[in-house]
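Taking it in order: structure first as structure tokens, then the write-up.
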Number of protein chains: 2
Amino acid sequence: MTFQNLDKTKAFNELKTLPRPSIKELLTPERIASSWVDAGASMRYNWAAMPVDDTHLKALQALGDEAGLIDKYRALLDGAVMNTGERRQVLHHLARGQAGAPVVVDGEDKGAFYLGERAKIKAFSTAVRSGAITSSAGKRFTTVVQIGIGGSDLGPRALYLALKGWAAHEGILTLDAHFISNVDPDDGAQILGDIDLSETLFVLVSKSGTTLETLTNQQFVSEAMREAGLDPSRHIVAVTSKSSPLAGSSDVLDAFFIDDYIGGRYSSTSAVGGVILSLAFGYECFASLLDGAHQADIQALNPSIRENAALLDALIGIYLRNVLALPSTAILPYSQALSRFSAHLQQLDMESNGKSVNRDGERITYPTGPVIFGEPGTNGQHSFYQLLHQGTDIVPLQFIGFLHSQHQRDVTVEGSTSQEKLNANLVAQIVAFARGKEDENANKRFAGERPSSLLFADRLTPAVLGALLAHYENKVMFQGFAWNINSFDQEGVQLGKVLASSVLNGSKGDATLKAWASIFSL
Amino acid sequence: MTFQNLDKTKAFNELKTLPRPSIKELLTPERIASSWVDAGASMRYNWAAMPVDDTHLKALQALGDEAGLIDKYRALLDGAVMNTGERRQVLHHLARGQAGAPVVVDGEDKGAFYLGERAKIKAFSTAVRSGAITSSAGKRFTTVVQIGIGGSDLGPRALYLALKGWAAHEGILTLDAHFISNVDPDDGAQILGDIDLSETLFVLVSKSGTTLETLTNQQFVSEAMREAGLDPSRHIVAVTSKSSPLAGSSDVLDAFFIDDYIGGRYSSTSAVGGVILSLAFGYECFASLLDGAHQADIQALNPSIRENAALLDALIGIYLRNVLALPSTAILPYSQALSRFSAHLQQLDMESNGKSVNRDGERITYPTGPVIFGEPGTNGQHSFYQLLHQGTDIVPLQFIGFLHSQHQRDVTVEGSTSQEKLNANLVAQIVAFARGKEDENANKRFAGERPSSLLFADRLTPAVLGALLAHYENKVMFQGFAWNINSFDQEGVQLGKVLASSVLNGSKGDATLKAWASIFSL
């Protein structure tokens, strides 16, 4: 296995020489029908509206092969130390199933460890949902609140929102979930105003057991519980590492363990997402999500870009970023259930690949991770799509769509259902972005040639959601390999922490810091 | 008043010749203390961490003067037809107060018209909140649901969320507000599952009375009301134009009027935001928001960039976009109450200035509106800030901060309150982005030189929120003037509408459209 910078590969330098094809001209009905790639769990990826023809696909396949993307993925699955900065294994795939060799770290079989935590989650969530475990007021828990930030917040929150409609339609008992993340005291205060503490179970998520925001919010809600005559230790469970101060603490009802081999932004399929999702919708829902993710992980092992959606999506992304020099990407799910999914992907992608140094610690000279943003359609159509259609910059688009709605509760107006209108809009946008429109009035002219792709499935179920999540995790991983960076550390978040702590300790003679701090009376 | 493209102005060509200063070197305590500009309603803007020195400020002032930005703003206030594409006046400022000459359009005094609608909103919202107007089940209305999309959704939703904590602290009776926007039937179905229809009043917002998403959602909720034995016509009010089919309809309890001179994304301070905010928090709250916005509008008339925050923010933005060639901007409020404010600004900015044609219909050759994205701090610090600190691209940052929280309910942990921790983080980030940090390990090195600004106020009140909203509206307006584009139309949203309608009508022989449509069984 060799590691080299993207611009040193032969295939990339060949890719750069290829002429840029016209999407408008490429986009025939035959191409649309034949441009499908399997993404796992019955989800499929369509790249017909991307500016790549057969010569590009050949070059992208060659780049994937030369950069050893599948070999590196296999090595990661088999327990190689792919998080080079922190010298750690990368094991989020293992949390959902065995896709490589057994991995033993420090004498512990990690596959067995993750399965063990799943069993604990199953037993605990079942007991809470059945009413066998009650609150300190003797009441059934009806509400769960996750206290966590970053990866302990965005992913679980996005997944919870994504499954509410599915659970309602399936008639599944649902515990209301809320999330407190920000150290801003207004975040916690707002949630406390909306819930009944005597029926609320808190899930405190902090790997180290020392995350400032999270521990502060623990104190915040614990004080409120004590004021209400409740016993906080019977209303809080922890998701933390075995070595954390929270692990054996009498302040919590129970603890579920995570480890150093799954980074925050990859932790939704560990106990970080598992406890809250199993409490909210039942363990079977979470198990089904893991199964969908595992299917996508297996699919991502296929060495052919014609049969591996994550790999192809990653390599087309490299073409857009490093050859066409496009600095951002929009994620546009045509599903209100995915209202916070783009925010999660923004973290996943930008925190993983927003790096300027390769895995050997050398400065690199080509662009890496793009800016990621997005909101659900059709909403975005009435908002920032103006710039996407007629702005001076081109933004590649990733559409996500489903044949059926989740609730399957609909209305027919002017001869079509809402779901049909939703998807007619999605289809129309792909074509409008690709093809554009001539007009005598320049203000009404659309240049077209805006690249887009589509991830498509029948319905947003837990399994499909798992596959969707894993698709993006694997895409980001492949891109990191191609850029020769470490996608699994986050040194960029450290400096702010150090300086914030300095401010709280009087800025220690740093006049600039003091000058800003004085504005906020600090 | 002359209109010319940015690259034709003498001042811009001078600005381009200035050397780029080092933020790290500029950022002294003296500069921080002296870099404040008034933004109205006691809000202030600080530009100390921007890469501009006195020579840049002089050049930016010259650019503002040469481009006649204040003259154009005055002309707009006085009723000039500044929306050239649609040949309309632009009157959102007038909805909050008289800042220019009286404006009469088609024989109607527009100032009087907006005041008249405010009086109607005051009377109606007072009657609902007092219980004088009840539901068709004879119950008091406890819940309001806005049905609207784009500007009828994002702005009012962001403002509602921004004021909940303030209202709770002030002890103001609050009606729960929800928003249904997406034509995705799961959006409406989810909200209907969360509310008691017999106590719910719907606010249907559509200027034309023909917006497909909105009318479809009206039918969706009306069916549900009929099924529940309720009379929809006593549960729906309309916000629409006088000429719309909804205006005199017996399907609605009452109608509040808007007109063609306030675009959707500028409509939060018209009846579009006024009805829902007055119902939720009382008319006085809305009036206070308008007053804050009006103060910012007046402040924005000042011709000196040293005394006009919106003007200076706009011109520094031009420098970042057109001289330093930075393609995106992040909006980072350190206030959970502003959780959806960045999404509103994303629409405001990208829909207004995502244009490639000047006001005379000629193609322009310099970049216009950037990609806008953002999430509240400290959350973002644990997410996409990695790329902002160590990514290969530089993203300019707009911080927003407040001395005090809204709820004023706090907890002291490790010697500091949550609000102090929040603001210590904000301060730390500004310095970290500006100054960076050397390290032997390249992976822990921060290059710094990341530009940021700060909008600061004592507390997020209705008046401050109004000023904050108006600041960005006026910034976007000044940038549009400088780019010589029309910031007030949105032709880029039309093509998708036409094609979506074609899809719903069988794609009319368009084979490409048909091929996509068949994927969704359309």
Exercise. Dividing the convex hull volume of the Cα atoms of the protein assembly as shown by its residue count, what figure in Å³ per residue is obtained?
Worked result: 151 Å³
Exercise. Can you work out the base-10 log of I(q)/I(0) for the stretch B:41-82 at q = 0.15, 0.19, 0.35 1/Å, using the Debye formula on its C-alpha atoms alone?
Worked result: -0.58, -0.78, -1.04
Seminar exercise, completed: When A:SER244, A:SER267, B:SER208 are arranged by how many other beta-carbons sit within 10 Å of their Cβ, fewest first, they go B:SER208, A:SER244, A:SER267
For this session: Could you tell me the largest-minus-smallest coordinate of the C-alpha atoms of the stretch A:473-516 on each of the three principal axes, in descending order and whole angstroms?
Result: 44, 14, 13
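Restricting things to Cα coordinates, could you compute the convex hull volume per residue of the stretch A:385-522 in Å³?
Hull volume over Cα atoms, normalised by residue count, gives 270 Å³.
Using Cα pairs closer than 8 Å and at least 6 residues apart in sequence, work out the relative contact order for chain B, in percent.
Normalised by residue count, the contact order of chain B is 21 percent.
Could you compute Rg(Cα) / (2.2 N^0.38 Å) for the stretch A:37-142, with N its residue count?
1.65
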Exercise. How far apart are the B:LEU173 label points across copies, placing each 7 Å from Cα toward Cβ, in nm, shortest first?
Worked result: 3.8
For this session: Would you calculate the separation in nanometres between label points at A:ASP54 and B:TYR366, each defined as 7 Å from the Cα along the Cα-to-beta-carbon direction?
Result: 4.6 nm
Seminar exercise, completed: The value for the stretch A:226-296 (convex hull of the alpha-carbon atoms, volume per residue, Å³) is 106 Å³
Exercise. By count of other Cβ within 10 Å, fewest leading, how are A:PHE341, B:PHE384, A:PHE124, A:PHE179 ordered?
Worked result: A:PHE124, A:PHE179, A:PHE341, B:PHE384
Exercise. What fraction of the DSSP beta bridges in the stretch A:104-287 is antiparallel, stated in percent and rounded to the nearest 5?
Worked result: 15 percent
Exercise. Check A:ALA255: other-chain or 5+ apart residues with amide H under 5 Å from its amide H, H built from backbone geometry?
Worked result: A:ALA238
Problem set entry | Global size of the stretch A:208-264 as Cα Rg and Dmax, reported in angstrom | 12.0, 39
Exercise. Under 16 Å Cα-Cα from B:LYS444, which aspartates and glutamates qualify once same-chain neighbours fewer than 8 residues away are excluded?
Worked result: A:GLU86, A:GLU351, A:ASP360, A:GLU362, A:ASP489, A:GLU491
Exercise. Over the C-alpha atoms of the stretch B:173-220, what are the Rg and the largest Cα-to-Cα span, Dmax, in Å?
Worked result: 11.3, 34
Problem set entry | Percent of Cα-Cα distances greater than 13 Å, calculated over the stretch B:428-484 | 72 percent
Problem set entry | 4 °C / 1.567 mPa s Stokes-Einstein diffusion coefficient of the stretch A:406-450, Kirkwood radius on C-alpha pairs, µm²/s | 104 µm²/s
Exercise. Once phi is turned into θ = phi - 60°, what whole-Hz ³J(HN,Hα) does the Karplus curve with 6.51, -1.76 and 1.60 give for every residue of the stretch A:470-477, x standing for Gly and Pro?
Worked result: 5, 3, 6, 4, 6, 4, 4, 4
Exercise. Using the alpha-carbon centroid of each, what span in Å lies between the stretch A:446-522 and the stretch A:25-40?
Worked result: 32 Å
For this session: Take the alpha carbon atoms of chain B, find their radius of gyration, then divide it by 2.2 N^0.38 Å using N residues; give the quotient.
Result: 1.00
Exercise. In whole Å, what three semi-axes, largest first, describe the equivalent ellipsoid of the stretch A:1-99 built from its Cα gyration tensor (square root of 5 times each eigenvalue)?
Worked result: 31, 21, 9
Problem set entry | Per-residue Cβ neighbour rank within 10 angstrom, fewest leading, B:VAL183, B:VAL323, A:VAL357, B:VAL464 | B:VAL323, A:VAL357, B:VAL464, B:VAL183
Seminar exercise, completed: the stretch A:80-222, Kirkwood Rh and Cα Rg, ratio Rg/Rh at 1.01
Exercise. For the stretch A:277-349, what's the radius of gyration and Dmax over Cα atoms, in angstrom?
Worked result: 15.6, 46
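Just so you know, all these numbers are worked out from the coordinates, no wet-lab data involved. Note that the structure is a prediction, hence the values are computed from the model and not measured. Glycine gets a Cβ as well: all are built from the backbone with ideal geometry, and neighbour counts include every protein chain shown.
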